[in-house]
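The values are calculated or read from the model by the stated rules, or taken from the named source; none is laboratory data. Remember, predicted model here, so these are calculated numbers, not experimental data. Don't worry about glycine lacking a Cβ; one is built from the backbone with ideal geometry, like all the others, and counts go over all protein chains shown.
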Amino acid sequence: MTRTRQRKRDEEAGIAPPAPAPAPKRKRRTKKAPPPIEPAAKAKLVRVLASEPFFLREISSALVYRDVTSLSLVDKGADALLSKPENSDAWKPFVTTLDTWKCFGKIDEAQKSLMEQHYGFRKICSTLASGSCAECGGGGAYINALSCERTCLGCWSCRECGEHGTEGAQRSQMCSPGYAKTHFLITDTDIKKCAMLHIDDPSKAHGLMNAKMRAILVRDAQKLAIARHGSLDAVEAVKAIRHAKSMETYCAKIEALEAPLADKIAAFEDRKAKAEDKYAASLAAWTALTATKDPSNVLKASTRPWRQFYESRPRAEGKYPKKPSDLGSSWNFLARNQRARCLQNVGEKYGLHKVHPKELTRRVKDAPVFVVTESTDEAAIKEQFSSHGSVKGFGENIFEVTHRASPGCTIVVAMKCDLRKMATSCAPEKRSTVAGEYGASVGGSDQNHCLMLDDELTLIGMPGSCLYSDTACVWAQGEFIQLENLRLRTQPVDSPANRSPCLVLSGSGRTFLKDCIVELGPGGGMTVLTHSKCHFRNSTVVNFGTAPGSATLHFEDDATLEPPDLLLTGNTFAWHGPESIFPHGIFTGAETDEAQTEEFRRQLQDSQNTTTRARSRETRYVFLAVSRNYPPVAPVAIQPKQSARGLLGELLSSSGAPQIAAMAAGMALMASADDNTTVSDLLAKLAKRSDIETSPLDGDAPAPWLYVASRPDAPRPHPLTTIGELEAPEPYVDTSMHGQYMPARKVLYLIDERTASEPMVIE
C-alpha cells in the first residue's frame, strides 16, 4: 500500500494514524407499520349507537346479559355509552331474566323506584347477577335497596358499629338525616344528593320517637362531609372548636347567674364540710341557702335549690342555660338497632329484601371460609384452601365448625364425617346446629344426628369426603342453602317405623344442589324431602329401599312443580321401588292425576334428567347353611354383636350336627379371607362347600369387608359398622311355601370398592 505525503509527514512527526472507518451497517428491512387502532370512543359502532340510542336498545334486547356486559368490558366507548343515564333503559329487559327466583318484583314500588332513579338499571342488573356480599365477599342472599348491593344478614346487622352505633361506616350502616347533620356537619342541601329511604314502622324498631322517619347511608354522609370539609379529621376539628366555643359561652352564663349567690354557695360548702354526718350536712346546707331576708329570693325545697332560684327569676334576668352535649355522646339508634331481631323481622321496611341469586358466589380474597378437616396445621390449611377465600377457622367436628360460621360463610368439608360420633362428642355450648337439640323428627323418627343449617351458607365437599349418618345428614331450613360436590349417605336403623330421609329441605328459604350425590340405604323412606323451593343441577339422588313408599324426591301435596319454585337440570334419579307406586321414582303429591304426571315427566326429560333403577354397589351372595335334601333342623341360636370368628366358635360349640359343617366351613373361610382376595376366588372356594346363589357378580374386585346376615331378605348390615358390631339374630326359617320349612340360609354381604387401609369408607 502506497503511503501519501501527508501520511509520511505524520509518521515523521510521531502522530498516530487515524482509526479505520467502520464498515457501513447493512440496513434492515423495516416491517410496514400496522394501521393505527381507532380509539374506542371513535369506533363506528359506538358513533352509530351514540347517535341513535334506539339502536342500542334494540341490539341489547336481542342479546343476553352476558354479551352486553362483555361489550362494555372490551370497548370503552360502548361502556361509556351504556353507562349514560339516558341509556339506562337498555338494561331494563335483563331485570326479569336475572331474577331467577322471581323475588325482585315483590319489592315495594317506592323502593324499586329509589333504586331505578338513584342507581339505574345497570346497577340493578349487576346486583341481581351477583351472588356475593358486597362487604365481606361471602354469599349474599339479600339485597339492600338503600345501597342497591347484595349483602348477607351478618353484614347488614352492622355488629361492628359499637354500642352507640357511631363507629365505622359499614356499607349497610344507616342513620337519620338529623344525626348526619350533627355528626358530620353537613346541610340539608347535601343530604338531598343521597339516596334516602322513607320508613313507616308502627313498631318503632328503629328506636326513635316517631314511627315515620327517613334514613340514609352513613358512608354517603361521610363522603359529603369529606367533600365539604376536606377530611374526617377536619370534621372532628371543627366539631371540637364549636364545642369549645359553646362551653365557653355556657360557663360565662353560669358565672353571671351564680355571682349573686356566691356568698350563699360558700356558706353551703363551709357548713357541709363542718357537719358531723350526712344528715347534719344536708340540714346545714339547706339552712344556708334558704335563710334570706328578701322575700323575692325565698327558695323552695328542692334537691337543687339554686337552680330553682334561677328559674324563678324574671325572664329579663336570663334562663338557666343548657349545658352542651359532650363530644362523642350522641347515639345512632338506627344503626344500633340493625342487629336487633325485632328490626330484622320488619327488614323490608328498612330496605332489606330476600332476593335470592341463581347461586351463591364468593370473592376469593374476602370470602370467609371454615374448614372441616383432621389436620391441625393452620398455615397449611390456609394455603390449601386459599382458593375458596380467607380461612377464619377449622376443626374436625362439623357441628362445632358450623356453629362458628356466620351468615354468608363457606364451609369446606375435607374429611369423612360420621355424624353419629360428631353429634355425640360435640361440646354442649356448640350444639346450635345439632337437629336433635330442637326435637326434629320425620315420620316419628328422631333426627338426632343431623346437621341443621340456618341463614345463608355454602357447603362444599372436597374429593374423598362425605357425610353419613343413621338419620338425615342435612336439614336445610335457612334462607339460602347451597350444597356443592357433597356426598350424603344415610343408612336408617333397621326398624319398620324408621322413615329417616337423607336430606330435608324445609322452611320458606331456597336450596341449591350442585354436583351432589344423595343416597338413602335400604329401608322405607324418601331420599330427599323437598318441602321448600329448590334447584337441583347435575346431582344424583338414589334410593336403595325396596319397601313400598320409597322414592327419591317427596313433594308436598300442594307443591308447585314448576319453575322458579322447582328446577331440575341434568340430574339422575334412581330407585328400587315399583313404577306403579311412584312414577319415575318421585312422589309428586297424593292428588296428582295422570295428566299432571305426564307433564312432570316431560319437564324432567326436557331438562336432561335421567330416571333409572337403583343398582346398589353392594353385591349380595346367598349360600345354603345345610343341604337342600337334608331334613330341616332346629335354628341355631346366635349371640348378638359377634365377630366372624366369634360367630363361628359359637356355631361349632352350640351344635355338633354335620349339617352345619358347610356353613361353618364357609364362615371360617370368610373369617380368614385375605383383604385382597378377589370375589371370583372367594366364590369358587365357597362353591366347593355349599350351594351358592349370586346376584350379580361385579368382577374380580377386592373383598376387604365381609358381612353375615341372618336371612336372605334381611336388610343389609349397617354400612358404618364393622363385622364385630354387627347384630346377628337367630337364623330365619321360611314357612311361606305350603307350611313347609325352608332350609336355613345365611347371607354374605360384600361391599365393593373398599380398601383395607380405610375400612370405614362410604363409597
**Fill in**
When (1) of a type outside the set (A, V, I, L, M, F, W, C); (2) in a loop (DSSP other than H, G, I, E, B); (3) over 18 Å from His584 (Cβ atoms) are applied to Gly549, the one that fails is (3)
**Prompt:** Restricting the search to the stretch 66-111, which residues are of a type in the set (Lys, Arg), at pLDDT 85 or above and more than 24 Å from the chain's Cα centre (by Cα)?
**Reply:** Arg66, Lys92
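Let's see how each residue does on (1) assigned to a helix (DSSP H, G or I); (2) closer than 25 Å to Ser157 by Cα; (3) not assigned by TED's automatic domain parsing to the domain that holds Ile481:
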| site | (1), (2), (3) |
| --- | --- |
| Gly77 | yes, no, yes |
| Ala80 | yes, no, yes |
| Gly105 | yes, yes, yes |
| Gly137 | no, yes, yes |
**Message:** Being within 20 Å of Pro564 (Cβ to Cβ) and either of a type in the set (Ser, Thr, Tyr) or touching a residue at least 60 places away in the same chain (Cβ under 8 Å) (or both) is the filter here; which residues of the stretch 536-550 pass it?
**Reply:** Ser539
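Let's see how each residue does on (1) in contact (Cβ under 8 Å) with a residue 24 or more places away in the chain; (2) of a type in the set (A, V, I, L, M, F, W, C); (3) assigned to a helix (DSSP H, G or I):
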| residue | (1), (2), (3) |
| --- | --- |
| Met422 | yes, yes, yes |
| Ala472 | yes, yes, no |
| Ile481 | yes, yes, no |
| Ser500 | yes, no, no |
| Val504 | yes, yes, no |
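A quick yes/no check of all residues on (1) modelled with pLDDT under 95; (2) not hydrophobic (A, V, I, L, M, F, W, C):
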{"residue": "Gln491", "(1), (2)": "yes, yes"}
{"residue": "Asp494", "(1), (2)": "yes, yes"}
{"residue": "Ala497", "(1), (2)": "yes, no"}
{"residue": "Ser508", "(1), (2)": "yes, yes"}
{"residue": "Asp515", "(1), (2)": "no, yes"}
{"residue": "Gly525", "(1), (2)": "yes, yes"}
{"residue": "Val528", "(1), (2)": "no, no"}
{"residue": "Asn538", "(1), (2)": "no, yes"}
**Prompt:** For Glu437, all conditions in the list (1) among the acidic types (Asp, Glu); (2) touching a residue at least 60 places away in the same chain (Cβ under 8 Å); (3) over 30 Å from Cys125 (Cβ atoms) hold save one; what is the number of the exception?
**Reply:** (2)
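Identify all residues within the stretch 448-461 that are part of a loop (DSSP other than H, G, I, E, B) and either surrounded by fewer than 24 Cβ atoms within 10 Å (Cβ to Cβ) or not assigned by TED's automatic domain parsing to the domain that holds Gln491 (or both); write none if there are none.
Just the residues of the stretch 448-461 that are part of a loop (DSSP other than H, G, I, E, B), to begin with: 448-450, 454-455.
Asn448, Asp454, Asp455, listed by residue number.
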**Asked** Among (1) touching a Gly at 6+ places or on another chain (Cβ under 9 Å); (2) more than 29 Å from Gly389 (Cα to Cα), where does Thr151 come up short?
**Response** (2)
**Request:** For the stretch 115-125, indicate whether the set of residues that are closer than 25 Å to Thr511 by Cα, buried (at least 20 other Cβ atoms within 10 Å of the Cβ), under 29 Å from the mean Cα position of the chain (by Cα) and in contact (Cβ under 8 Å) with a residue 12 or more places away in the chain is non-empty.
**Result:** yes
**Asked** Looking only at the stretch 158-174, which residues are within 15 Å of Leu352 (Cα to Cα) and buried (at least 24 other Cβ atoms within 10 Å of the Cβ)?
**Response** Cys158, Ser172, Gln173, Met174
**Request:** Identify, by number, the condition in (1) under 16 Å from His584 (Cβ atoms); (2) surrounded by fewer than 16 Cβ atoms within 10 Å (Cβ to Cβ); (3) hydroxyl-bearing (Ser, Thr, Tyr) that Thr560 doesn't meet.
**Result:** (1)
**Prompt:** Where in the stretch 320-385 are the helices (runs of 4 or more DSSP H), entirely inside, with at least 2 residues that are among the acidic types (Asp, Glu) and farther than 23 Å from Lys514 by Cα?
**Reply:** 378-384
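Among the residues of the stretch 437-446, is there at least one that is assigned to a helix (DSSP H, G or I) and surrounded by fewer than 23 Cβ atoms within 10 Å (Cβ to Cβ)? Break it down stepwise before answering.
Residues of the stretch 437-446 that are assigned to a helix (DSSP H, G or I), as a first pass: 437-438.
Filter once more, keeping what is surrounded by fewer than 23 Cβ atoms within 10 Å (Cβ to Cβ): 437-438.
Yes, the stretch 437-446 has at least one match.
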**Prompt:** Thr2 fails exactly one of the following numbered conditions: (1) modelled with pLDDT of 70 or more; (2) part of a loop (DSSP other than H, G, I, E, B). What is the number of that condition?
**Reply:** (1)
**Complete:** Over the stretch 82-103, the set of residues charged (D, E, K, R), surrounded by fewer than 17 Cβ atoms within 10 Å (Cβ to Cβ) and either without any contact (Cβ under 8 Å) to a residue 12 or more places away in the chain or outside any helix (DSSP H, G or I) (or both) is Lys84, Lys102
**Message:** When the residues of the stretch 226-249 are narrowed to those that are under 19 Å from Ser329 (Cβ atoms) and touching a helix residue (DSSP H, G or I) at 6+ places or on another chain (Cβ under 9 Å), which ends up surrounded by the most Cβ atoms within 10 Å (Cβ to Cβ)?
**Reply:** Val235
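Which ones in the stretch 518-546 are assigned to a strand (DSSP E or B) and touching an Asp or Glu at 6+ places or on another chain (Cβ under 6 Å)?
Kept after step one, since they are assigned to a strand (DSSP E or B), are these residues of the stretch 518-546: 518-520, 526-530, 533-537, 540-543.
The answer is Lys533, Val542.
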